[in-house]
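Enquirer: The structure that follows is given in the form of structure tokens.
The numbers here are math on the coordinates, done by the rules we state, and not lab data. Note that the structure is a prediction, hence the values are computed from the model and not measured. Ideal geometry is used to build each Cβ from the backbone, glycine not excepted, and the neighbour counts take in all protein chains shown.
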């Protein structure tokens with residue numbers, strides 16, 4: 001288990017502040033956050049590149065806070081792979097093994113094994129400069145994995161790859177993780193990586209970890225507005241909530257009210273996924289507690305879906321298929337009913353900061 | 001504009017080529033050959049080669065850690081240090097020479113070195129000292145830019161793979177900077193071969209003792225022996241040519257100045 005206790009470090013304009021994390025063996029842990037949040041600095045500090053100003057890092061029962069990187073047995077793969085350009089693929093992968101004093105025969109066997117695992121055996125004699133992004137990525141992974149690290153750190157490993165290669169790499173990563181059982185900590189800003197790979201995620205902002213949890217838990221229940229906006233939930237509505245039986249009623253600033261299944265009273269921010277909003281030309285009876293009449297202000301097509309923005313007293317975004325949008329004859333000015341369940345609304349109490 | 005600039009370029013090309021060719025072709029080949037077998041010229045070639053190679057090696061050995069420190073670390077007084085370390089670059093070599101002469105000739109340090117058997121003033125050792133002093137800024141600048149252009153993350157990765165700090169530098173950064181290192185070495189060596197002002201001040205111009213190629217050129221022109229002067233000059237031109245080609249070959253990206 002990797003345990004990071006109140007870790008702080010400042011490096012130029014980036015800082016990591018009082019970070020607490022616990023990562024279980026074999027876990028796939030993803031750190032999400034906007035650029036400049038200090039994610040890379042955190043990763044590099046875990047690897048031992050930078051000395052923290054305060055706090056401790058524990059790997060299993062050993063404190064490794066001031067252990068040299070070479071003795072930590074933590075592998076690292078960067079966004080730009082950092083393959084040594086003056087060495088062949090084979091020598092790049094063998095680099096870590098050469099630093100240890102194994103027999104050369106053993107080296108070769110291990111390198112070959114790793115190459116066949118990552119399907120790069122045919123590239124062994126080539127230089128990194130001649131490889132495609134996806135191939136470089138595999139070599140970088142092989143180089144990090146061949147020393148059998150306890151933890152593998154991935155710094156936005158797929159952001160330089162095109163869409164299809166990314167998808168293949170995701171499959172690859174999840175396969176490698178199953179085969180090797182290595183604990184993986186990855187930085188990303190792609191949600192697809194998160195949904196595809198992560199067991200748990202942490203959201204990082206301005207050097208602090210502001211939420212940690214199981215992926216679905218964090219996406220469904222972001223702990224503040226920043227996270228909700230960052231995760232792109234679609235609707236973030238501010239208001240004041242009051243008791244309404246077993247549920248609460250949230251009143252927005254200009255008086256529109258709707259129900260939410262929650263028990264948070266006071267100033268709140270409500271989040272609602274755009275795909276949870278149903279649009280209809282006439283009201284209909286259903287189990288949904290909220291049905292409001294509104295005017296379409298904007299219709300924004302994006303791929304196979306359309307985002308429809310309604311004014312229902314506050315702005316509400318609904319996500320529909322192109323077909324639904326056409327069948328409802330939706331265009332700016334159309335009057336439609338928006339229906340959504342009280343239980344689809346996630347309520348976040350507003351803290352003094354916001 | 002096109003016509004004018006091309007015309008000026010062409011004219012300049014002809015002037016430079018004609019001047020240098022005129023020098024090389026001044027003495028007929030047999031005379032040039034004879035001059036090259038002259039013991040004084042041969043002594044000058046040998047002395048120039050030995051002192052320039054030694055001073056280049058010293059420059060490399062000192063410049064590598066200094067350039068690395070300037071490229072990678074932040075420390076108090078870095079700007080001042082950078083300025084001082086590269087000042088000899090713009091300093092006239094004569095001034096550098098006279099500073100060295102005063103340092104080694106009049107200070108307690110200089111006298112102590114002299115007593116210990118390292119006489120610098122008016123000796124071949126002085127030639128090496130002068131060459132190192134004048135040329136090391138070039139080596140530092142070239143290497144610093146070579147090291148700066150290498151992402152420190154290469155070293156980070158090397159360290160996670162089991163390297164010590166020094167190991168990561170020797171196995172990753174230094175080999176990656178090899179083009180800069182080679183170009184810097186060639187430039188430093190060629191400048192050492194041609195160094196005159198600083199050498200003249202520190203080592204003097206003693207025939208067959210501190211007589212490097214440029215000093216030989218100077219001494220022979222003073223005594224009117226034009227053929228020997230031309231022989232020395234011809235060798236220096238060839239060295240410049242080799243240097244230029246070598247730098248072009250090693251790395252087009254190295255900025256000399």
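Enquirer: What FRET efficiency would be calculated for the residue pair residue A:199, residue A:323, taking the C-beta separation as r and a Förster radius of 45 Å, to the nearest 0.05?
Expert: Working: r = 36 Å, r/R0 = 0.80.
Once rounded, the FRET efficiency stands at 0.80.
Enquirer: If you don't mind, there's one more thing I want to ask. Label points 7 Å out from Cα along the Cβ direction at residue B:81 and residue A:10: separation in nm?
Expert: My value for the distance between the label points is 2.2 nm.
Enquirer: Which residues does the label zone of residue B:24 cover in region B:203-232, counting backbone N under 16 Å from a point 7 Å along Cα→Cβ?
Expert: Hits in region B:203-232 for residue B:24 at 16 Å: B:230-232.
Enquirer: Identify the residues of region A:64-80 with backbone N under 13 Å of a label point that sits 7 angstrom from the Cα of residue B:165 along the Cα-to-Cβ direction, or state none.
Expert: In region A:64-80, the label zone of residue B:165 (backbone N under 13 Å from the point 7 Å along Cα→Cβ) covers A:68-69.
Enquirer: Right, another one. Give the Rg/Rh ratio for region A:57-123, taking Rg as the radius of gyration of the Cα atoms and Rh as the Kirkwood radius, to two decimals. If you can, show how the numbers build up before the last one.
Expert: On the way: Rg = 14.4 Å, Rh = 13.9 Å.
Expressed as Rg/Rh, it is 1.03.
Enquirer: Over the whole of A:141-151, what's the average partner chain Cβ count within 10 Å per residue? Rounded to a whole number, please. Don't skip to the end; give the middle numbers.
Expert: On the way: counts 0, 0, 3, 3, 0, 1, 3, 0, 2, 0, 0.
Mean shielding count: 1.
Enquirer: Using a 10 Å cut-off around each Cβ of peptide A:37-48, what is the average number of partner chain Cβ atoms that fall inside?
Expert: Numbers: counts 0, 0, 0, 1, 0, 0, 0, 3, 0, 0, 4, 3.
Neighbouring Cβ atoms belonging to other protein chains average 1 per residue here.
Enquirer: Okay, next question. State the three equivalent ellipsoid semi-axes of region A:1-137, derived from the C-alpha gyration tensor as the square roots of 5 times its eigenvalues, in descending order and whole Å.
Expert: Working: eigenvalues 195, 68, 38 Å².
The equivalent ellipsoid of region A:1-137 has semi-axes of 31, 18, 14 Å.
Enquirer: Taking just the alpha carbons, could you work out the radius of gyration and Dmax for region A:217-256, both in angstroms?
Expert: 12.0, 32
Enquirer: Which order do B:122, A:219 fall in if you start with the one that has the fewest other Cβ atoms within 10 Å? Intermediate values should be presented prior to the final figure.
Expert: Numbers: B:122 16, A:219 20.
Listed from fewest to most nearby Cβ atoms, that is B:122, A:219.
Enquirer: Here's a follow-up. Looking at chain A as a GNM with Cα springs under 10 Å, which of A:332, A:222, A:34 has the largest mean-square fluctuation?
Expert: Comparing A:332, A:222, A:34 in a Gaussian network model of chain A, the most mobile one is A:332.
Enquirer: Report the gain in length on full extension from residue A:113 to residue A:3: 0.36 nm times residue separation, minus Cα-Cα distance, nm rounded to one decimal.
Expert: On the way: separation 110, 0.36 × 110 = 39.60 nm, distance 3.14 nm.
Extra length available between residue A:113 and residue A:3 comes to 36.5 nm.
Enquirer: Further question on the same structure: For the protein assembly as shown, evaluate the Debye formula with one uniform point scatterer on each Cα (no solvent term) and list log10 I(q)/I(0) at q = 0.06, 0.09 Å⁻¹, rounded to two decimals.
Expert: Taking Cα atoms of the protein assembly as shown as identical point scatterers yields -0.55, -0.90.
Enquirer: What FRET efficiency would be calculated for the residue pair residue B:57, residue B:34, taking the C-beta separation as r and a Förster radius of 35 Å, to the nearest 0.05? Each step should come with its number before you reach the end.
Expert: Working: r = 33 Å, r/R0 = 0.95.
According to the calculation, E is roughly 0.55.
Enquirer: Over all directions, average the projected area of the Cα convex hull of chain A and note it in nm². Don't jump to the answer; show the numbers that get you there.
Expert: Numbers: hull surface 86.6 nm².
Reported value for the Cα convex hull: 21.6 nm².
Enquirer: Moving on to the next point. Taking a ≥ b ≥ c as the square roots of the eigenvalues of the Cα gyration tensor of region A:1-49, is the shape rounded (a/c under 1.5), prolate (a/b larger than b/c) or oblate?
Expert: Details: a/c = 2.00, a/b = 1.54, b/c = 1.30.
In terms of gyration-tensor shape, prolate.
Enquirer: When the chain is fully extended, how far beyond the present Cα-Cα distance does residue B:72 get from residue B:245, taking 0.36 nm per residue of separation?
Expert: Values: separation 173, 0.36 × 173 = 62.28 nm, distance 3.05 nm.
Fully extending the segment from residue B:72 to residue B:245 adds 59.2 nm.
Enquirer: If you average the sequence gap of Cα pairs under 8 Å that are 6 or more apart and divide by the length of chain A, what percent do you get for the contact order? It would help to have the intermediate numbers written out before the result.
Expert: Details: 713 pairs, mean separation 53.9, N = 354.
Reported as a whole number, the value is 15 percent.
Enquirer: Could you list the square roots of 5 times each eigenvalue of the Cα gyration tensor of region A:220-328, that is, the equivalent ellipsoid semi-axes, sorted largest first and rounded to whole Å?
Expert: Three semi-axes, in Å: 24, 17, 12.
Enquirer: Let me ask you something else. Using only atoms on other chains, find how many Cβ atoms lie within 10 Å of each Cβ of peptide A:68-80 and report the average. Please report the intermediate quantities before stating the final value.
Expert: Working: counts 5, 12, 10, 2, 3, 2, 1, 3, 6, 2, 5, 1, 3.
Other-chain Cβ atoms within 10 Å of each residue's Cβ, averaged: 4.
Enquirer: Using Cβ counts within 10 Å as a stand-in for footprinting exposure, how do B:163, A:17, B:59 rank, fewest first? Provide the component values of the computation, followed by the final result.
Expert: Working: B:163 24, A:17 17, B:59 27.
Fewest-to-most ranking of B:163, A:17, B:59: A:17, B:163, B:59.
Enquirer: Assuming R0 = 51 Å, can you tell me the calculated FRET efficiency for the pair residue A:300 and residue A:66, based on Cβ-Cβ distance, to the nearest 0.05? List each step's numbers first, then the result.
Expert: Working: r = 53 Å, r/R0 = 1.03.
The computed FRET efficiency comes out at 0.45.
Enquirer: Can you bin every Cα-Cα distance in region B:32-250 into 10 Å intervals starting at zero and give me the percent of pairs per bin, rounded to whole numbers?
Expert: 8, 29, 31, 20, 9, 2, 0
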